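Visitor: Quick one: the structure is below, questions incoming.
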Amino acid sequence: MYILMVRLKVKEDRIDDFIAASIGDARGSVLNEPGCRRFDIIQAADDPTSFAFCEVYNDEEAFAAHTTYSHFKEWDAAVKGMFDGDPEVSFCKPVFPRGDANWDSHRANIVDDPYFASSLHVIHAPKFVQKDKVEAFIDAVSLDGVGSTHEEPGCLRFDVYQNVKDPTEIYLYEVYANPDAFEYHKGTPHIRQWVETVKEMYDTSRDGGGRVGRNVWPPDNWAWSSGKPTW
């Protein structure tokens, strides 16, 4: 898998325009590109001008192909002038799950109704780790991922990605059924163990800039769950 974790900030008066253009690109990517597995759009709850994308492709070649499609070119032209600052893009590989998992977001024959839009709670957060602690951090967070997806009814996915150009940047991509499910997650024994294990592993000289908020697209009734993946 070749994964893009994108963070963007949009001018306040262009939010609706940006959402419309981005949904067009995301829908076109998932429905028309054989190498695009998912293209999730997240809007931060504490700052509606802050967005994040999680784009999952089969490989780097599939991402390169993505940039040749008309829906991407239309998006690229439409959003010029909408950004408040340059987008930040991390090119990543998955480190959890490594075994069997559900990656595809599309589900056939779903009910297409506004009722199913945007009730999930999604965390899109980079973590910066000391160079000599990277493998230990990955081991610890992967154990947390197993606990979260296997033991929590409200945790739909808990993916861990590593920046291929900067291995000390580890992305957490967590999807919960609702904010209450995330609150439940914070009290579990596996998260308590993980917090204790990794507390001295962070590179505190670098800041995160993650996004926590709703799913703009796809809707709630698409395939958000990773299943019960193995490590």
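Here, each number is a calculation from the coordinates, and none is a lab measurement. None of the values given here were measured: they were computed from a predicted structure. With ideal geometry, Cβ positions are generated from the backbone for all residues, glycine too; neighbour counts draw on all protein chains shown.
Visitor: Name the shape class, rounded, prolate or oblate, that the alpha-carbon gyration tensor gives for region 1-123, where a ≥ b ≥ c are the square roots of its eigenvalues, rounded holds for a/c under 1.5, and otherwise prolate holds if a/b is larger than b/c and oblate otherwise. Don't jump to the answer; show the numbers that get you there.
Guide: Values: a/c = 1.39, a/b = 1.26, b/c = 1.11.
Rounded.
Visitor: Using only Cα atoms, what Kirkwood radius does region 46-90 have, in angstroms?
Guide: Details: mean 1/r = 0.0798 Å⁻¹.
By the Kirkwood definition, the hydrodynamic radius is 12.5 Å.
Visitor: Give me the percent relative contact order of the chain, please, defined on Cα pairs under 8 angstrom at least 6 residues apart.
Guide: Values: 485 pairs, mean separation 66.9, N = 231.
Relative contact order, the chain: 29 percent.
Visitor: Arrange the following residues from fewest to most other Cβ atoms within 10 Å of their Cβ: 51, 83. Mind dumping the intermediate values first?
Guide: Details: 51 24, 83 15.
Placing the least packed residue first, the sequence is 83, 51.
Visitor: Add -39500 (n - 2.57) for each DSSP H run of 4 or more in the chain, then divide by its residues: what number comes out at 222 nm, to the nearest 500 deg cm²/dmol? Intermediate values should be presented prior to the final figure.
Guide: Working: 6 runs with 70 residues, N = 231.
Calculated mean residue ellipticity at 222 nm is -9500 deg cm²/dmol.
Visitor: Quick check: convex hull of the Cα atoms in region 13-72, volume per residue, rounded to a whole Å³? List each step's numbers first, then the result.
Guide: Values: hull volume 4.7 nm³, N = 60.
Taking the convex hull of the Cα positions in region 13-72, it is 79 Å³ per residue.
Visitor: Sticking with this one: State whether region 52-155 is rounded, prolate or oblate according to the following rule on the C-alpha gyration tensor (a ≥ b ≥ c being the square roots of its eigenvalues): a/c under 1.5 gives rounded; otherwise a/b larger than b/c gives prolate, and the remaining case gives oblate. Numbers along the way, then the final one.
Guide: Values: a/c = 1.79, a/b = 1.27, b/c = 1.41.
Taking the square roots of the gyration eigenvalues as a ≥ b ≥ c, region 52-155 is oblate.
Visitor: Could you work out the Kirkwood radius for region 138-231, taking every pair of different alpha carbons, averaging 1/r and inverting it, reported in Å?
Guide: That comes to 14.4 Å for region 138-231.
Visitor: Using θ = phi - 60° and the Karplus curve 6.51 cos²θ - 1.76 cosθ + 1.60, what whole-Hz ³J(HN,Hα) does each residue of region 152-164 get, with Gly and Pro shown as x?
Guide: 9, x, x, 8, 7, 7, 9, 9, 10, 10, 10, 5, 6
Visitor: Take the Cα pairs of region 109-156, get the Kirkwood Rh, then feed it into Stokes-Einstein at 37 °C and 0.692 mPa s and tell me D in µm²/s. Walk me through the numbers on the way to the answer.
Guide: Details: Rh = 13.9 Å.
Rounded, D is 236 µm²/s.
Visitor: Once each part is reduced to its C-alpha centroid, what is the distance from region 185-231 to region 142-178 in angstrom?
Guide: Rounded to whole Å, the Cα centres lie 5 Å apart.
Visitor: Taking +1 at the Cβ of each Lys and Arg and -1 at the Cβ of each Asp and Glu, which of 75, 179, 143 sits farthest along the dipole of region 70-194 towards its positive end, judged by Cα position relative to the Cα centre?
Guide: 143
Visitor: Gaussian network model of the chain, Cα springs within a sub-10 Å range: biggest mean-square fluctuation belongs to which of 181, 26, 64?
Guide: Ranking 181, 26, 64 by mean-square fluctuation puts 64 first.
Visitor: Taking the square root of 5 times each eigenvalue of the Cα gyration tensor, what semi-axes in Å does the equivalent ellipsoid of region 158-209 have, largest first?
Guide: On the way: eigenvalues 103, 46, 20 Å².
Semi-axes from the Cα gyration tensor: 23, 15, 10 Å.
Visitor: Moving to a separate point now. Let's test this: bin the Cα-Cα distances of the chain at 5 Å from zero up to the farthest pair and state each bin's percent.
Guide: The distribution over the chain is 1, 7, 14, 19, 21, 18, 11, 6, 2, 0, given as percents.
Visitor: Starting with the highest mean, order 161-172, 100-111 by the number of other Cβ atoms within 10 Å, averaged over the residues of each peptide. All intermediate terms of the calculation are to be shown ahead of the outcome.
Guide: Working: 161-172: 18.5, 100-111: 12.7.
Put in order of decreasing packing, that is 161-172, 100-111.
Visitor: Among 210-222, 85-97, how do they line up by average Cβ neighbours within 10 Å per residue, starting with the highest?
Guide: 210-222, 85-97
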